[in-house]
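Here is the structure we will look at, set down as structure tokens.
The values are calculated or read from the model by the stated rules, or taken from the named source; none is laboratory data. Computed from a prediction, not measured in an experiment: that's the story for all the values here. Note that each Cβ is placed from the backbone with ideal geometry, even for glycine, and that neighbours are counted across all protein chains shown. Please note that ligands, DNA and RNA were not included when accessible areas were found on the heavy atoms of the full protein model with its side chains. Shrake-Rupley method; radii C 1.70, N 1.55, O 1.52, S 1.80 Å.
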Amino acid sequence: MRFKFRSIHKLHQRVYQKEIELDLSNGQLASGCWALEAIQAAADRSLLKPVQEEVPRKYERVILGLATDTEWLRAARCSPEELTVDKIVIAMERVDEFVTNAGGTKSSKSQLSYHVRRLLKDFATAKNVPRIERLNVMYRTPHRGPKRSGRKMISDAPSPGTETPHPIGAIPFSSAEDLRAKTEAKISSTLRQIEAAAVSELDEHVARSAFLDRLLSPIEVEPALLSRIEQLCSDPKVKEPPSWLGAVEPATLAAVYHRICSRALTGLHGGKFHITCHRGKDVGDWLSAQGYLVGHMDVGYTMLGSRLLNAQTLHACLVILQKHTGWNVNAVLEMSEAGIEPNGKGGYVIQGYKARIGEETPFVEILPSDEAPRRAIELLQDRLAAMRQLGWISNSEGRLWLNGRYARGGRLQQYVGWGQTLKTFTQKYGLPSFSAEQLRVEVLGLRGVEKGGLEAARHTAGHARLSTTASYLDQILLQRTNSAYSLEFERQLEGSVRFRMGTDKEFDVSKDLLYPIGDGTSCSDPHNPPDPAFLDRAICSGKECHREGGCANRRLVFDEDRVDEVFRTKYFYEENWRDLQNGNRDQFVALHLPAMLVNLALVQILEKSAYRHIVKQIQGGVYGEIKAK
């Protein structure tokens, strides 16, 4: 019983495929049983859409590992026609039991369980097993993946001295719309800073090329010397420079090499261009002394740099295009010349490729007013044209991110090393440290808070289902919004908190003759509430203390007894909030939920106050007493 899978492995923008063969003859399963039919169906699908190499190995590991499990064998040996959802549940239970006892991390166990359970469920769904739609209710795996805490956003970092200095989760606001607008402004400001830095990198490239032209063009070179050096440099067999070349000034050599390379970039040289820049160190030292920083001794590539671009300029193009499209960085790197079309208005329509799932990205338009992405596209197109003119690539080669130095030597391989280049970029321009994935998250976050909302974000991300985008943005933005709400609520409460603890126990009759409410807060006049309707037998019922910003009679004056009440209230809600919600949802929302929010905010305020050492002692005493019961 052997099964052949086609697998795929991607490394450095290159895709490798190979065939994997599984031998399940020791799995104690008979040919024709539904479990092996499920394996065969997965193997057949892999011919059309290759799978990650490790997935078939997971199938093999579990099925061979369960070869002595009688309950598994009883459930897995039946024919597809005899398969029921109850047998699938048993099979999944045995799979998860095996996974529980297998070695590995929690994450690796989760992945092992997920892939095998998905194999079984996909087969049962394809066979339309009765009640298969109830499987998620009938069985819950103990090996769920770690709950996503949400990707970090670049806007999580503070920006002192800007119009939006607060981290995105700590923005002060006056209303929900104000928070949305300030969140949009914060993310927009972050993205503008990043794009401005990338544009500065493009400007620096232009200035560097112009400086080199101004420096070398005026230097006079005798035609005979130019021809003699050109002939010498084009011969790859010459390894050591002849003695006569030692008498040539470095400035003259630099001018000669610059003219040879400039002419090559027009395609006039014929064939594949090659240049060996003899005495390259002398030329590099002279260029550095004139204020042109070579950065390496590859003088030939430096002279071609006006069109071939260095790593920093190439990376700036990548950043600009990812910021404009919101695509996954690999989709940008997979974009080829064929994915760029003029839009007839002085701009472009571009499309990338999502290699992991084998689909194109949504089309994205670059208008003439989108100056930065338009410049990036034109630089990349010109770079490709330059490599063709140099004879380094064929006219049919359309990959935009080829490594120029490798192409010069005949190796057509995509450029790698973006991580280090990005780190250098952020440090150079004083930006928060971020990854390419975080840049995409930032763009999607902006789409989510703009007027287009979730649907606009879905289109940008290229997600097939709105639920995928909803889950993505929930992790990105909801946590920050909740954090902002909590901090603003805490700030408003904190302004009215007073302490009567430690050395601050002075008693002011006008301020401190208060009536405890029971949750740590107090009332200044329970017999005269703001609304007479609050009265119950001539005293306030205490049901409106925390609603709609809090009653006007509510006071936040804390001594040891009130702090005690705060933590007892916290414990009460920790233990009972679900029962309260299930018992009477309307009353929970109207009465308990506002009280819970106030309590949580007060706990934060007390634990950060100047009396936190006293607060910690009281908290320990309350929890110790409760646990003792």
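Can you confirm whether Arg388 is within 28 Å of Val199 (Cβ to Cβ), assigned to a helix (DSSP H, G or I), open to solvent by 30 Å² or more (accessible area, probe 1.4 Å) and touching a strand residue (DSSP E or B) at 6+ places or on another chain (Cβ under 6 Å)? Considered against the rule, which asks whether it is within 28 Å of Val199 (Cβ to Cβ), assigned to a helix (DSSP H, G or I), open to solvent by 30 Å² or more (accessible area, probe 1.4 Å) and touching a strand residue (DSSP E or B) at 6+ places or on another chain (Cβ under 6 Å), Arg388 comes out as no.
State whether the residues of the range 418-429 include one that is assigned to a loop (DSSP other than H, G, I, E, B), free of Cβ contacts under 8 Å to residues at least 24 places away in the same chain and more than 17 Å from the chain's Cα centre (by Cα). No, because not a single residue in the range 418-429 is assigned to a loop (DSSP other than H, G, I, E, B), free of Cβ contacts under 8 Å to residues at least 24 places away in the same chain and more than 17 Å from the chain's Cα centre (by Cα).
Considered as a group, the residues in the range 230-247 that are closer than 23 Å to Gly409 by Cβ and open to solvent by less than 30 Å² (accessible area, probe 1.4 Å) include one that is farthest from the chain's Cα centre (by Cα), and that residue is Leu232.
Residue selection: Pro250 fails the criterion of being touching a residue at least 12 places away in the same chain (Cβ under 8 Å) and either open to solvent by 50 Å² or more (accessible area, probe 1.4 Å) or of a type in the set (Phe, Trp, Tyr) (or both).
Taking the condition farther than 16 Å from Ala75 by Cβ, modelled with pLDDT of 90 or more, open to solvent by less than 50 Å² (accessible area, probe 1.4 Å) and touching a helix residue (DSSP H, G or I) at 6+ places or on another chain (Cβ under 7 Å), does Leu112 pass? Yes: the conditions hold for Leu112. Considering the range 271-376, the qualifying helices (runs of 4 or more DSSP H), each wholly inside and each with 3 or more residues that are free of Cβ contacts under 8 Å to residues at least 40 places away in the same chain and either surrounded by fewer than 23 Cβ atoms within 10 Å (Cβ to Cβ) or in contact with a Gly (Cβ under 9 Å, 6 or more places away or on another chain) (or both), run over 280-289. The condition of being β-branched (Val, Ile, Thr) and within 30 Å of Cys233 (Cβ to Cβ) holds for only one of Thr361, Thr313, that being Thr313.
I'd like to check something: does the range 360-375 contain any residue that is more than 21 Å from Arg192 (Cα to Cα) and basic (Lys, Arg)? No, the range 360-375 contains no residue that is more than 21 Å from Arg192 (Cα to Cα) and basic (Lys, Arg). Of all the listed residues (Leu390, Leu439), the sole one being in contact (Cβ under 8 Å) with a residue 12 or more places away in the chain and more than 30 Å from Ala157 (Cα to Cα) is Leu390. The condition of being assigned to a helix (DSSP H, G or I), under 26 Å from Phe273 (Cβ atoms), in contact with a Phe, Trp or Tyr (Cβ under 7 Å, 6 or more places away or on another chain) and open to solvent by less than 60 Å² (accessible area, probe 1.4 Å) holds for only one of Leu212, Leu225, Leu202, that being Leu212. The number of residues in the range 394-404 being surrounded by 17 or more Cβ atoms within 10 Å (Cβ to Cβ) and either under 18 Å from Thr266 (Cβ atoms) or charged (D, E, K, R) (or both) comes to 2.
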